[in-house]
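Everything below concerns the one structure shown next.
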Amino acid sequence: MARHGFFAKPAWADLGRYEIPYQKVIRPQLKLPPSAERSLELRALETFLDRKDLTNELLYAARRQFLFYAEFGDHEAFLRVKQQFEPHSDDYLLLTTFTMYDKSLDYLPKVSRLENFFELAQKTEPESEIAGWIAYDALGLMTDHFDFGRASNLVHKAIAVLPEKSWLLRSLLLSAIARLYVDPGNSPAIVRQGLAIYAENESRMRARSMPAEASDMAYNQGIAMLFAFQDYKKALEHFRRVDKDTLYAQDALVFSALAHSHLGQSQEALEKLGLLDFSQYAESPMRLSFLACYTEIVRQRLGDRADLQRCVQLPEATQGDVIQHMTGEILQLPLPPTLEMAILKQFQNFYRLKISPQNKLRMAQSVD
């Protein structure tokens, strides 16, 4: 639920020399204001790609940018365009994206390939943010396989050579490490280290008038207080700093309602549920599914009619921490035996992955 690597490259990202044709030639032709929403730019790019007069260079640049925007915004379109061309052999960021979706590769060959792209990008484009973004993308894969030591090592390598202009990417990489720290299974001291990283990042971002990015940091602090410390009042303080027009606004409302329900504040919880609008989440089925589940958990806690079956219909790729937190919440409720069994079976699949010999070894090596 804390954000990590699961979102499109932001508009300010330096995506290397292959992005130059997009920024200098294509983007002006889209006739969109600088602050246009990503969904509008995505649709405009799709129209641009239908043109028959594009040079190979412009076609490549447009498809590349479309993939970066569509990956977490319109996944069907992402897969469709992905099949239409191959990345250049030295376009290490796009090669990273393709590798992440290569189902023929097991974990170790895949992560080794990503580390190689990272090293090559550092050598060939040292003044860009390419290597940093490769590290950022690879972190999701590493943490999904409990390879925390490898993830931490890669982040610190990336941060060590990022150019000064890249303070924001540096903050996001540190936030990825903070996400590992705030896991409820860690000691309170480690969780507080993660919270301190989030707090420092939020302060920097607010000082630079970046409310969207600052809101994400506030949201992550709220999630940590909610699940690691069960400090519902403090969680609400953090969620209140999430701007209503930012990416995690609806998520913050859902988890604010959950916190209120734990505090016995039924009216406040209902008010938060009444503000929910998931219309912007239609293209994010995984996120929509787990938020819908938590909404039903809150309703059940409040004594309303609730459809807890939605909590056993989560997409296969749902993050492990989502499954873990959700299971802890739902098992506090009185459940029919069949539903309880389905919830436990869903958790068992996550737990089996966590205790597999390979993942146990990676976690042990991370501690060492």
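Screening the range 280-302 for residues that are touching a residue at least 12 places away in the same chain (Cβ under 8 Å) and among the small types (Gly, Ala, Ser) and picking the one that is nearest to Ser266 (Cα to Cα) gives Ala292.
Conditions (1) surrounded by fewer than 12 Cβ atoms within 10 Å (Cβ to Cβ); (2) modelled with pLDDT of 90 or more, marked per residue:
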residue	(1), (2)
Ile330	no, yes
Ile343	no, yes
Ile355	yes, no
Asn359	no, no
Ser366	no, no
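Comparison of Leu236, Leu253 shows that the only residue that is within 22 Å of Met286 (Cα to Cα) and either touching a Ser or Thr at 6+ places or on another chain (Cβ under 8 Å) or of a type in the set (A, V, I, L, M, F, W, C) (or both) is Leu253. Here the condition is being among the small types (Gly, Ala, Ser), modelled with pLDDT of 95 or more and closer than 15 Å to Thr295 by Cβ; of Ala235, Ala252, it holds for Ala252 alone. For the range 18-26, the criterion of being at pLDDT below 85, hydroxyl-bearing (Ser, Thr, Tyr) and assigned by TED's automatic domain parsing to the domain that holds Ile130 is satisfied by no residue at all. For Leu247, the criteria (1) touching a Phe, Trp or Tyr at 6+ places or on another chain (Cβ under 6 Å); (2) within 21 Å of Arg170 (Cβ to Cβ); (3) assigned to a loop (DSSP other than H, G, I, E, B); (4) hydrophobic (A, V, I, L, M, F, W, C) hold in every case but one, which is (1). Out of Asp106, Asp74, I need the residue that is of a type in the set (Asp, Glu) and closer than 30 Å to Val25 by Cα. Which one? Selected residue: Asp74, the only one of Asp106, Asp74 that is of a type in the set (Asp, Glu) and closer than 30 Å to Val25 by Cα.
Selection of helices (runs of 4 or more DSSP H) fully inside the range 41-119 by the criterion of at least 1 residues being among the small types (Gly, Ala, Ser) and out of contact with any Leu (no Cβ under 8 Å at 6 or more places or on another chain) returns 56-70. With (1) exposed (fewer than 14 other Cβ atoms within 10 Å of the Cβ); (2) within 18 Å of Ile20 (Cα to Cα) as the list, and Glu86 as the residue in question, which single condition is left unmet? Exception for Glu86: condition (2).
Return a yes/no flag: does the range 134-142 have any residue that is under 24 Å from Met326 (Cβ atoms), of a type in the set (Phe, Trp, Tyr) and under 18 Å from the mean Cα position of the chain (by Cα). The answer is no; no qualifying residue exists. Cβ-Cβ contacts under 7 Å between residues 6 or more apart (or on different chains), taken from a first residue in the range 77-105 that is in the same structural domain as Leu59 (by TED's automatic domain parsing) to a second residue that is among the small types (Gly, Ala, Ser) and outside any helix (DSSP H, G or I), are listed as Leu93/Gly16. All of Ala189, Ala158 fail the test of being closer than 23 Å to Leu226 by Cα and either modelled with pLDDT of 90 or more or in contact with a Leu (Cβ under 8 Å, 6 or more places away or on another chain) (or both), apart from Ala189.
Remark: Phe72 matches the filter, which requires a residue to be in contact (Cβ under 8 Å) with a residue 40 or more places away in the chain, in the same structural domain as Glu119 (by TED's automatic domain parsing) and within 21 Å of Ile134 (Cα to Cα).
For the range 305-320, the candidate set comprises residues that are of a type in the set (Gly, Ala, Ser) and assigned to a loop (DSSP other than H, G, I, E, B); within that set, the residue that is nearest to Pro285 (Cα to Cα) is Ala317.
In the range 203-262, the residue that is surrounded by the most Cβ atoms within 10 Å (Cβ to Cβ) out of those that are farther than 17 Å from Leu276 by Cα and aromatic (Phe, Trp, Tyr) is Phe227. Just for the range 167-202: of the residues that are closer than 18 Å to Phe146 by Cβ and of a type in the set (Ser, Thr, Tyr), which one is surrounded by the fewest Cβ atoms within 10 Å (Cβ to Cβ)? Step by step, filter the range 167-202, then rank; the result is Ser187. A search for C-beta distances below 7 Å between a residue of the range 230-247 that is touching a residue at least 12 places away in the same chain (Cβ under 8 Å) and β-branched (Val, Ile, Thr) and any residue that is surrounded by fewer than 15 Cβ atoms within 10 Å (Cβ to Cβ) and assigned to a loop (DSSP other than H, G, I, E, B), counting only pairs 6+ apart in sequence or on different chains, returns nothing.
The values are calculated or read from the model by the stated rules, or taken from the named source; none is laboratory data. Treat the numbers as computed from the prediction; the structure is a model and nothing was measured. Positions of Cβ are generated from backbone atoms using ideal geometry, with glycine treated the same way; all protein chains shown enter the neighbour counts.
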